[in-house]
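Q: Dumping the structure here so I can ask a few things about it.
The values are calculated or read from the model by the stated rules, or taken from the named source; none is laboratory data. Owing to the predicted nature of the structure, the values given are computational and were not obtained by experimental measurement. Glycine also receives a Cβ, built like all others from the backbone with ideal geometry; neighbour counts cover every protein chain displayed. Ligands, DNA and RNA are excluded from the accessible area calculation, which covers all protein heavy atoms including side chains. Shrake-Rupley method; radii C 1.70, N 1.55, O 1.52, S 1.80 Å.
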Amino acid sequence: MNKLFTLTAVFAFALGAFGAENDTVQKPLNPDWKLKSLFGLNLTQSSFTNWAAGGRNNLSGLGFANLQANYKKDKIKWDNRLNFALGGIQYLDDVEGDMLQKTDDVIDFQTNFGYGLKDPWYITILGGFKTQTLNGFTAATDSLYSSTFMAPGYVNLSLGIEYAPNDKFNVFVSPVSSKMTFVRDQRLANAGAFGVEPGLFDINGLLITPGEQFRFELGSYARILYNKELMENIQLKSRLELFSNYMNNPQNIDVNAEAIITFKVNSWFSASVQANLIYDDDITIRDKNGNSGPRTQFKQVIGVGLAYTMANYREKK
């Protein structure tokens, strides 16, 4: 609990330190660079006393930061994006065994370097890195974590063609793409978590050969980005990623989809609706009945709170 709310407090301090004017536009030192950062903090507290409908006292928080640094000059285009989010809920009614439960935990960095062919086509190298910050648990009552920092961690490298007619729409297709999965926790690696080769055990359950902590996949990759201002102060940002592993079951496509709608209330407050969908047949998930297997993962987050944007340019509508 202390880690989570210390971090959200840092976000709150950062928001206050930037001043009282949102959408700050600073004169760029280099006009070829477009820099933008968005910081946000959502906090919710609920308490119940003699409440007939029931309920549990709780405190929840979500802090996030989205950073962008994009360069474009002549035939060179270099785009960088870092997304960070961390949130959780803590019940305050002193029920034994209750602990902080995560509601969001993301570190997501992407960079792509392109060389212009014929406008708007580029030959592009794309790199990506994803992981999380804190331990994750399948159920609130679990004593052993099911994920942690760099377990999993994903690194992607791709070479392909990019179609970038404007800042709102972008398509990247790569016939040669690598997906590297890291499970830097030996207990999870021994269990074969996230698709790595599991450990070998004898009939008494004693470990003979440790599980692998690394898995390499070679395949094809496609990414589609679409951003649009739906109406004044309402912004849509979406991303769809597809990956097919040439080396094993290429017909099973890994899917990672994200859509975020942001509602700007005023210069300080905003609301957002976020939906994420993931399917990866290498990831085994246990359901409430104890059955395990690959499943479609879905996450939806609705938040209202502080948001502050800084940029060295004004976006075109």
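Q: When you check E229 against the structure, is it among the charged types (D, E, K, R), modelled with pLDDT under 95 and part of a strand (DSSP E or B), yes or no?
A: Details: among the charged types (D, E, K, R): yes; modelled with pLDDT under 95: yes; part of a strand (DSSP E or B): yes.
Judged against the criteria, E229 is a match.
Q: Residues to consider are P210, P294, P198, P250; find the one that is touching a Ser or Thr at 6+ places or on another chain (Cβ under 6 Å) and open to solvent by 40 Å² or more (accessible area, probe 1.4 Å). Break it down into steps so the answer makes sense when it comes.
A: Numbers: P210 fails: touching a Ser or Thr at 6+ places or on another chain (Cβ under 6 Å); P294 fails: touching a Ser or Thr at 6+ places or on another chain (Cβ under 6 Å); P198 fails: touching a Ser or Thr at 6+ places or on another chain (Cβ under 6 Å).
Going through P210, P294, P198, P250 in turn, the sole match is P250.
Q: Separate question: Hey, does the range 233-246 have a residue that's loosely packed, with under 11 Cβ neighbours inside 10 Å and either over 21 Å from the mean Cα position of the chain (by Cα) or under 17 Å from L126 (Cβ atoms) (or both)?
A: No, the range 233-246 contains no residue that is loosely packed, with under 11 Cβ neighbours inside 10 Å and either over 21 Å from the mean Cα position of the chain (by Cα) or under 17 Å from L126 (Cβ atoms) (or both).
Q: Now, a different point. Among the candidates K102, K130, single out the residue that is crowded, with 16+ Cβ neighbours inside 10 Å, basic (K, R) and modelled with pLDDT of 95 or more. Even if it seems obvious, please write down each step before you answer.
A: Details: K102 fails: modelled with pLDDT of 95 or more.
It is K130.
Q: A further question follows. Has the range 135-148 got at least one residue that is open to solvent by 70 Å² or more (accessible area, probe 1.4 Å), in a strand (DSSP E or B) and more than 17 Å from L242 (Cβ to Cβ)?
A: No: zero hits.
Q: Sticking with this structure for a sec: Being surrounded by fewer than 18 Cβ atoms within 10 Å (Cβ to Cβ), assigned to a strand (DSSP E or B) and under 21 Å from the mean Cα position of the chain (by Cα) is true for just one of V155, V176. Which residue is that?
A: The unique qualifying residue is V155.
Q: Residue pairs, Cβ under 6 Å, 6 or more apart or interchain, first in the range 242-261 and of a type in the set (A, V, I, L, M, F, W, C), second crowded, with 16+ Cβ neighbours inside 10 Å and part of a loop (DSSP other than H, G, I, E, B). List them.
A: Qualifying pairs under 6 Å: L242/I253.
Q: Do the conditions hold for N312, that is, is it polar (S, T, N, Q), open to solvent by less than 50 Å² (accessible area, probe 1.4 Å) and in contact with a strand residue (DSSP E or B) (Cβ under 8 Å, 6 or more places away or on another chain)?
A: yes
Q: Which one is nearest to the chain's Cα centre (by Cα), of the residues in the range 266-291 that are open to solvent by 80 Å² or more (accessible area, probe 1.4 Å) and at pLDDT below 85? Let's see the steps before the verdict.
A: Filtering the range 266-291 down to residues open to solvent by 80 Å² or more (accessible area, probe 1.4 Å) leaves 269, 284, 286, 288-289, 291.
Going one step further and asking which of them are at pLDDT below 85, we end up with 284, 286, 288-289, 291.
Working: T284: 19, R286: 22, K288: 25, N289: 28, N291: 26 Å.
Among those that are open to solvent by 80 Å² or more (accessible area, probe 1.4 Å) and at pLDDT below 85, it is T284.
Q: While we're here: Can you pull out every residue in the range 49-61 that is over 11 Å from Y91 (Cβ atoms) and in a loop (DSSP other than H, G, I, E, B)? Give the derivation first.
A: If we filter the range 49-61 for residues that are over 11 Å from Y91 (Cβ atoms), which is where we start, we get 49-54, 61.
Residues satisfying the conditions are T49, N50, W51, A52, A53, G54.
Q: Can you tell me how many residues within the range 180-194 are open to solvent by less than 20 Å² (accessible area, probe 1.4 Å) and among the basic types (K, R)?
A: 0
Q: Of the conditions (1) open to solvent by 70 Å² or more (accessible area, probe 1.4 Å); (2) among the small types (G, A, S); (3) in contact (Cβ under 8 Å) with a residue 12 or more places away in the chain, A53 clears all except one; give me its number.
A: (3)
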